[in-house]
Amino acid sequence: MTDLCQPDQVVWCDGSDAEKDALTAEAVEKGILIRLNQEKLPDCYYHRSHPNDVARVEQSTFICTETQGQAGPTNNWTAPKEMYERLYNLARNSMAGRTMYVVPYLMGPPGSPLSKVGVELTDSIYVVLSMRIMTRMGNVAWEHLGESDDFNRGLHCSLDLNPERRFIAHFPQDNTIISVGSNYGGNVLLGKKCLALRIGSYLGRNQGWLAEHMLILGVESPTGQKTFIAAAFPSACGKTNFAMLVPPERFHGWKIWTIGDDIAWMKPGADGRLYAINPEAGYFGVVPGTNFKSNPNAMTCMARDTIYTNVALTPDLDVWWEGKDGPPPNECLDWQGKPWTPASKEKAAHPNSRFAAPMTNNPALAPEVNDPEGVPISAIIFGGRRADTLPLVLQAFNWIHGVYLGATMGSEMTAAAAGTLGQVRRDPLAMLPFCGYNMGDYFSHWLKVGKSLKHPPRIFNVNWFRKDAAGKFLWPGYGENMRVLKWIVDRCHGQAEANESPLGWLPAATSFDLQGMNGFPLANFDLAQAIDRDEWRREAASQDELFGKLAGQLPPELLFQRNLLLSRL
Ligand code: SAT
Ligand code: MN
């Protein structure tokens, strides 16, 4: 790669503190990072991305399998040979006058049979410093690798950040990723979406495990019983908030522990249960809307050792964003560095501005996070962002029905990806942008894994985002989601009642706790749970688009499930 990219020098990163200090100083000197107010925000830095480079770009993301059928109709595909040629031409000499950093990293706890090693070559200090937060970076990766050559090959060239020369290309059969022309997190922190999800899902299918866009949390009851849950939501639908939830007053003695906020690798264990690890070591969370009420643990995470990207910068070198506690600053610089005041029409922080913070900053970090065996999963939750149709919570009748609920998930588009905000699209298991192979085969893989589990997790569907006729959210969300969690946990332990509905099991009024919800109109709960048969007939009909696209590869079970739903309706 050095022959190809022609860097002036090559730096092998070891992950040490001395290396971090030197790279940080260099980044500050070069204007890549701004040192924030160290009294308010110790070890925190600020970065502005190029204004055209603020989110994942799905149209520039490719799965380059041998045949187009292997990538499937939901992925962009180019033949590997052609894509290698195109990207090598772009990478050629692209690091002249620059430094190539060799970043070894480990995804998952050291010593875990599920963990994977990657090596990312990059010409961006921002990427090196972010990878240091988001992964276990440095010598720990070489130690895990030992004599093996089974590691992911990653190349990242910043180029000139021209969107026309932006490609995020995956070569699953070679365990290789090449990303050029971007410097935005999800496109360039190759351990995250590229390895942990796109390549990971491909490997998981061949090796009998699951790589999922899921948070993992532990619910501890007042008696000390811990129940682990994995939950899939599309990007920017509150996974980080849910993973760090603080139970309300009513749930005194209950505690939520975070294992991960974005990605789960899950494998059947010898005891017939499904075990999960979080391959990451940090959080790359959406900042706007985060405050001490919505997510106090995230506020603590990002109070130190954090890289902020595309939030607003105040005159005293503090950071600000829409939805932060307290009044807005009288003046500041917006995410593009332009003067901003509360009278400005545009937002000060980009809606997809992010913080990168080490998980060890999280007061709710689960002690099991480094357990090489992972944690046993009792429930899997699928959730979308839907203003209508979908109830607050329901339980699938069984695994196959649960896979159908996941496969037909719909969600309104968010700022995490370039696209039309608010439009509902099918995002199966929140994996549409992240599945490294044919989505139909992916559903079959899920069905197969379910069959291999003696004690499969229970599957649930949630929607925090349902609105009333006036456009107001029906459910308060955030900490109050503990009530939904409690019902789910009770269901897992056979302790809560449910009523059968055409969609699945709904909470019985006697077993869903609504006490102590100050000012919450109880009728809203019924509205949030209401099933409108006309909406559901439309919903089932609109599944045709995705199912039609996957025809041929779609497991028949899912079509049967759809017909069962229609007959129940
Ligand atoms: O931008 S990332 O892909 O890293 C975050 C997300 O979209 O989930
Ligand atoms: Mn994500």
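The values are calculated or read from the model by the stated rules, or taken from the named source; none is laboratory data. Keep in mind that this is a model prediction, so the values were computed, not measured. Heads up, the Cβs are rebuilt from the backbone with ideal geometry, glycines too, and the neighbour counts pull from every protein chain shown.
Remarks
- The strands (runs of 3 or more DSSP E) found entirely in segment 165-239 that carry 2 or more residues being within 16 Å of ligand 2 (Cβ to nearest atom) are 210-212, 214-220, 226-232.
- Residue list for segment 1-25, filter: of a type in the set (Asp, Glu) and either assigned to a loop (DSSP other than H, G, I, E, B) or at positive phi (or both): 8, 14
- Scan of segment 258-272 for residues that are outside any strand (DSSP E or B) and either touching a residue at least 60 places away in the same chain (Cβ under 8 Å) or within 17 Å of residue 193 (Cβ to Cβ) (or both), ordered by number: 261, 262, 263, 269, 271, 272
- From the options 489, 484, 449, residue that is aliphatic (A, V, I, L, M), more than 18 Å from residue 392 (Cβ to Cβ), touching a strand residue (DSSP E or B) at 6+ places or on another chain (Cβ under 9 Å) and outside any loop (DSSP other than H, G, I, E, B): 449
- Count - residues of segment 207-242 that are away from ligand 1 (no atom under 13 Å from the Cβ) and either of a type outside the set (Lys, Arg) or in the same structural domain as residue 194 (by TED's automatic domain parsing) (or both): 22
- Criterion violated by residue 278 - all others in (1) over 27 Å from residue 403 (Cβ atoms); (2) within 15 Å of ligand 1 (Cβ to nearest atom); (3) buried (at least 24 other Cβ atoms within 10 Å of the Cβ) satisfied: (1)
- Contact map, segment 409-423: residues that are assigned by TED's automatic domain parsing to the domain that holds residue 543 and surrounded by fewer than 18 Cβ atoms within 10 Å (Cβ to Cβ) paired with residues that are outside any loop (DSSP other than H, G, I, E, B) and of a type outside the set (Lys, Arg), Cβ distance under 6 Å, separation 6+ or inter-chain. Pairs shown: 422/412.
- Where a residue in segment 481-499 is more than 12 Å from residue 225 (Cβ to Cβ) and its partner, wherever it lies, is hydroxyl-bearing (Ser, Thr, Tyr), with Cβ under 8 Å and at least six apart: 487/511; 496/511; 497/510; 497/511; 498/511
- Looking only at segment 240-273, and only at residues there that are among the small types (Gly, Ala, Ser) and away from ligand 2 (no atom under 16 Å from the Cβ), the one that is nearest to residue 134 (Cα to Cα): 269
- Per the listing 392, 432, the residue uniquely touching a Phe, Trp or Tyr at 6+ places or on another chain (Cβ under 9 Å) and touching a residue at least 24 places away in the same chain (Cβ under 8 Å) is 392.
- Members of segment 317-375 found to be part of a strand (DSSP E or B) and under 23 Å from residue 191 (Cβ atoms), listed by number: 354, 355, 356, 357, 358, 365, 375
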